[in-house]
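S.K.: What follows is a single structure, and I will ask about it in a moment.
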Amino acid sequence: MIIEVTNLVKKYKEHTAVDGLDLCIHEGEIFGLLGPNGAGKSTTMNALLGLLKMNGGTVKMFGKDYSKHAREIKRYVGYVPQEIAFFETLNAIDNVTYWGRLYRLRGDELDKAVQEALEFTGLWDRRKDRASTFSGGMKRRLNIACAIVHKPRILFMDEPTVGVDPQSRNSILESIKTMNQNGTTVIYTTHYMEEIEAICGRVAIMDFGKIIALGTIDELIDSISEENRINMGFVANTERAVTLIEKAQGVIACNNNEGMLRIRMEKDEMYLTALLENLIQNGFKIKSMTLEKSNLETVFLQLTGKKLRD
Ligand SMILES: Nc1ncnc2c1ncn2[C@@H]1O[C@H](COP(=O)(O)OP(=O)(O)O)[C@@H](O)[C@H]1O
Ligand SMILES: [Mg+2]
């Protein structure tokens, strides 16, 4: 276990932003923290990193109590903050060099690390340009270069793709996967479930300062869907099909949505097979059929009754 969090509490006056959070991160994983704005993702991350004073709880990294060994642990930890943070008037190379120095890199080792970080984030060609001239996506990538110059073993990333173009977003997600393959453990917060599905192994869903579900994406989806949802269209006789389907075993509901039937059915392959056989034997001709797939959005909706993004 590379990170162990027990009963983390963070209050802003009377408002509890993180409410008794327990979390274990395995070495080598990309762990996602998914939740809507205000769920407490950034507060959790900042508290883990010792940037905010906690009201309760313990954090262990590399098996050591963070509060007692913060200086030592910080050398192996990188952090990409939600708000872009670097010197606008400095060029890319000077910005990354500044961060490298903070991590006690010097001389050739520093120069090499800076070059690698800038090459990795695709900014080497623009290394002499002022940060203020960069696009949103390039600024994000510079932020990442600053956070990885010391080759951290754990990398915390707080919504690193907000406000970037799709191309930069993909390049950021790809570089996270590459870093992870090279051994970095990544903790990634976002309110985009697509990003979690693209890169994360396990995910914790957060709402109102609490983790309300945790597991692999498949585990979370399996945990909520006790039913299959099927959309079916017929060549003719749609209303008669509805009558038949409603009576079939395992069917929870069947609604006619302008000729397309939406069928909710208990999750058992036998029921679907039996229904199809029944329809075919009665001469119905099926024009189209799709199985609605659940995703993390469905999981969130089912758990909280609201959407991730409003
Ligand atoms: N400095 C602060 N002072 C008071 N309340 C805060 C502060 N920072 C965050 N909060 C509140 O704490 C809750 C969690 O915020 P945050 O951790 O930023 O959520 P997220 O990163 O998931 O969007 C929100 O209700 C937010 O308004
Ligand atoms: Mg945040």
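S.K.: With all pairs of different alpha carbon atoms counted, what Kirkwood hydrodynamic radius in Å does the chain show?
M.R.: Computed over the chain, the radius equals 22.1 Å.
S.K.: By how many nm would the segment from Arg130 to Asn295 grow when fully extended, if each residue of separation counts as 0.36 nm and the alpha-carbon distance is taken off?
M.R.: Result for the pair: 55.3 nm of gain on full extension.
S.K.: Can I ask one more? Determine how many Å³ per residue the convex hull of the Cα atoms of region 232-310 encloses.
M.R.: Spread over its residues, the Cα hull of region 232-310 gives 108 Å³ apiece.
S.K.: How much mean residue ellipticity at 222 nm does the chain get from its helices, if each DSSP H run of length 4 or more adds -39500 (n - 2.57) and you divide by all residues, to the nearest 500 deg cm²/dmol?
M.R.: -11500 deg cm²/dmol
S.K.: Using alpha-carbon positions, what is the distance between the centroids of region 191-240 and region 55-100, in Å?
M.R.: So the two Cα centres are separated by 34 Å.
S.K.: So which lysines pass the test for Lys60, namely a Cα distance under 25 Å, with those fewer than 8 places away in the same chain ruled out?
M.R.: Those lysines meeting the cut-off are Lys10, Lys11, Lys41, Lys68, Lys74, Lys151, Lys177, Lys210.
S.K.: Follow-up question, since we're still on this one. Tell me, what is the FRET efficiency for Glu269 and Gln82 to the nearest 0.05, using R0 = 51 angstrom and their Cβ-Cβ distance as r?
M.R.: 0.70
S.K.: Determine the share of region 3-222's accessible area contributed by carbon and sulfur atoms, expressed in whole percent, with a 1.4 angstrom probe.
M.R.: 49
The values are calculated or read from the model by the stated rules, or taken from the named source; none is laboratory data. Values in this document were obtained by computation on a predicted structure and should not be read as measured data. Please note: Cβ atoms are built from the backbone with ideal geometry, for glycine as well, and neighbour counts cover all protein chains shown. Surface accessibility is based on the protein's heavy atoms, side chains included, excluding ligands, DNA and RNA. Shrake-Rupley method; radii C 1.70, N 1.55, O 1.52, S 1.80 Å.
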